[in-house]
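Only one structure is covered here, and it is reproduced in the block below.
The values are calculated or read from the model by the stated rules, or taken from the named source; none is laboratory data. Values in this document were obtained by computation on a predicted structure and should not be read as measured data. Note that we place each Cβ from the backbone using ideal geometry, even for glycine, and neighbour counts take in every protein chain shown. Note: areas computed on protein heavy atoms with side chains; ligands, DNA, RNA excluded. Shrake-Rupley method; radii C 1.70, N 1.55, O 1.52, S 1.80 Å.
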Amino acid sequence: MSVLRASKISKFYAADEVFSDVTVEIPNDARIALVGPNGAGKTTMIKLFIGEELPTDGEIHIAKDAKLAFLPQRPELAGDHTLWDEAISAFDHLKDMEAELGELAMQMTESDDAVARYGKLQETFEQLGGYDYEARARMVLSGVGFDKDDYDMSLAMLSGGQKTRAMLARLLLESPDLLILDEPTNHLDIYAVEW
């Protein structure tokens, strides 16, 4: 099954044709590169895929419940939180479950209902990787070139390249069904590209 399918899409800006009659199918777990010279319409096509723009003609279908993530050429990553906070924000749903498990644990001595809810929630938490999400965050941050010493750096202090790598790390940790990267290797060293 395909995560994304575009059928006979065209894009015009006024009378200027960017591309026309393009059909694309992206199967699950595929790795595809869109390669061409500057001005060929690569970024425009990406904007259509992520829904930022609409095609002039044709249709784009994304699989039901598919989770898309996008890394732009120049990510807008701001805030006074740290690199670690940014990476770990991919697991906010697990942190919420963890807090709920803590509350239920305190209620278990007084309520059979809390025991049952705790058991179900703990099973879901474990299946979603609740016991190893911090290890996964460290692995991905290392993979894109950050050291443990960088974790406490404020996003405001990161360079443009570091912000790109930080956003890439968070997107990878979110495990989307389709991850679209617009020139992702601009700010990665050879080790991070290979990783």
- Matching entry among ASP29, ASP21, ASP57 (being open to solvent by 30 Å² or more (accessible area, probe 1.4 Å), over 26 Å from GLU123 (Cα atoms) and modelled with pLDDT under 90): ASP29
- Message: Go through region 171-195 and report how many residues are open to solvent by less than 40 Å² (accessible area, probe 1.4 Å) and at pLDDT 90 or above.
- Response: 5
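Look at ALA66 and say whether it is in a loop (DSSP other than H, G, I, E, B), hydrophobic (A, V, I, L, M, F, W, C) and either under 30 Å from GLU17 (Cα atoms) or in contact with a Leu (Cβ under 7 Å, 6 or more places away or on another chain) (or both).
Yes; evaluated as a whole, the condition is true for this residue.
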- Message: Can you confirm whether LEU77 is in a helix (DSSP H, G or I), closer than 30 Å to ASN28 by Cα, of a type outside the set (Lys, Arg) and open to solvent by less than 20 Å² (accessible area, probe 1.4 Å)?
- Response: no
- Flag for LEU34 being open to solvent by 80 Å² or more (accessible area, probe 1.4 Å), in a loop (DSSP other than H, G, I, E, B) and touching a Lys or Arg at 6+ places or on another chain (Cβ under 6 Å): yes
- Query: Could you list, in sequence order, the residues of region 60-73 that are open to solvent by less than 50 Å² (accessible area, probe 1.4 Å) and free of Cβ contacts under 8 Å to residues at least 24 places away in the same chain?
  - Reply: none
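Return the total of residues in region 94-149 being aliphatic (A, V, I, L, M), without any contact (Cβ under 8 Å) to a residue 24 or more places away in the chain and either open to solvent by 100 Å² or more (accessible area, probe 1.4 Å) or part of a helix (DSSP H, G or I) (or both). Reasoning before the result, please.
To start, the set of residues in region 94-149 that are aliphatic (A, V, I, L, M) comprises 94, 97, 99, 101, 104-106, 108, 114-116, 121, 128, 135, 137, 139-141, 144.
Next cut, without any contact (Cβ under 8 Å) to a residue 24 or more places away in the chain only: 99, 104-106, 108, 114-116, 135, 139.
When the remaining residues are screened for being either open to solvent by 100 Å² or more (accessible area, probe 1.4 Å) or part of a helix (DSSP H, G or I) (or both), the result is 99, 104-106, 114-116, 135, 139.
So the count comes out to 9.
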